[in-house]
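Read through the structure below, which is laid out as structure tokens, and then see the notes.
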Amino acid sequence: MLAWLESSQFAAAVRGELWGWPLALTVHAFGTALVIGFIFIISLRLLGFFETIPYKSLNQLFPVIWAALVLQFLSGFTLWTTKPTRYVVDGAFMLKSLLVVVGIILTLYLYRTIKREAVAWEAAGAVTSHEVKFVAANLMVWCGVLVAGRLTAYLGPIYSG
């Protein structure tokens, strides 16, 4: 099935068209910037930076994160269809994929926690130490996604042969 997908007209068009691969890669890069950038803004606020931003207003950033994740999925799938037989054996890509799933789960938890606790944090003037540890873990996961994504472009079987 992977070989069929790789030889499909869609995959051939993405690989062969002047704008196919560059457009998908550009959308993927912008999606990465939005997801990780907004998660960093939220996380840094929860870690005590940007004190002028109310905790409750952080929830306004999540719709952008969710939309960017949809862009990530669509552009990533487009890129993946061009070489699925190589991606499924690439360690960096598999690590990135796992970290993305973990990151989405953690970010969903973060969204729900902010929605539930923002008012209490405003009253206390800070988040709890438990949440600080959680936020730090979430940041580490998304940093791992970024690094593994970049390593996918340079290591393993993706670009050999």
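The values are calculated or read from the model by the stated rules, or taken from the named source; none is laboratory data. What you see is a predicted model, and the numbers here were worked out from it, not measured in a lab. All Cβ positions, glycine included, derive from the backbone under ideal geometry; neighbour counts span all protein chains shown. The area values use the complete protein model at the heavy-atom level, side chains included, leaving out ligands, DNA and RNA. Shrake-Rupley method; radii C 1.70, N 1.55, O 1.52, S 1.80 Å.
Within the stretch 104-131, being in a helix (DSSP H, G or I) and closer than 16 Å to L44 by Cα holds for L106, T107, L110, Y111, T113, I114, A118, W121, E122, S129, H130, E131. Just a yes or no: is a residue in the stretch 103-120 of a type in the set (A, V, I, L, M) and within 30 Å of A3 (Cα to Cα)? Yes: one or more hits.
Name the residues in the stretch 78-92 that are in a loop (DSSP other than H, G, I, E, B), farther than 12 Å from A11 by Cβ and not β-branched (V, I, T), would you? D90 - this is the single residue of the stretch 78-92 that is in a loop (DSSP other than H, G, I, E, B), farther than 12 Å from A11 by Cβ and not β-branched (V, I, T).
Looking at the stretch 59-66, can you tell me whether even one residue there is in contact with a Phe, Trp or Tyr (Cβ under 8 Å, 6 or more places away or on another chain) and open to solvent by 50 Å² or more (accessible area, probe 1.4 Å)? Among the residues of the stretch 59-66, at least one is in contact with a Phe, Trp or Tyr (Cβ under 8 Å, 6 or more places away or on another chain) and open to solvent by 50 Å² or more (accessible area, probe 1.4 Å), which makes the answer yes.
Counting only residues that are under 19 Å from F30 (Cβ atoms) and open to solvent by 20 Å² or more (accessible area, probe 1.4 Å), which one in the stretch 88-104 is nearest to the chain's Cα centre (by Cα)? Here the residue is V100. Here the helices (runs of 4 or more DSSP H) wholly within the stretch 1-61 that include at least 1 residues being of a type in the set (K, R) are 9-16, 20-46. Only one entry in T32, T26, T85 is surrounded by 20 or more Cβ atoms within 10 Å (Cβ to Cβ), closer than 25 Å to R150 by Cβ and of a type outside the set (D, E), namely T32.
Is at least one residue of the stretch 111-131 of a type in the set (A, V, I, L, M, F, W, C) and within 16 Å of the chain's Cα centre (by Cα)? So far as the stretch 111-131 goes, no, none of its residues is of a type in the set (A, V, I, L, M, F, W, C) and within 16 Å of the chain's Cα centre (by Cα).
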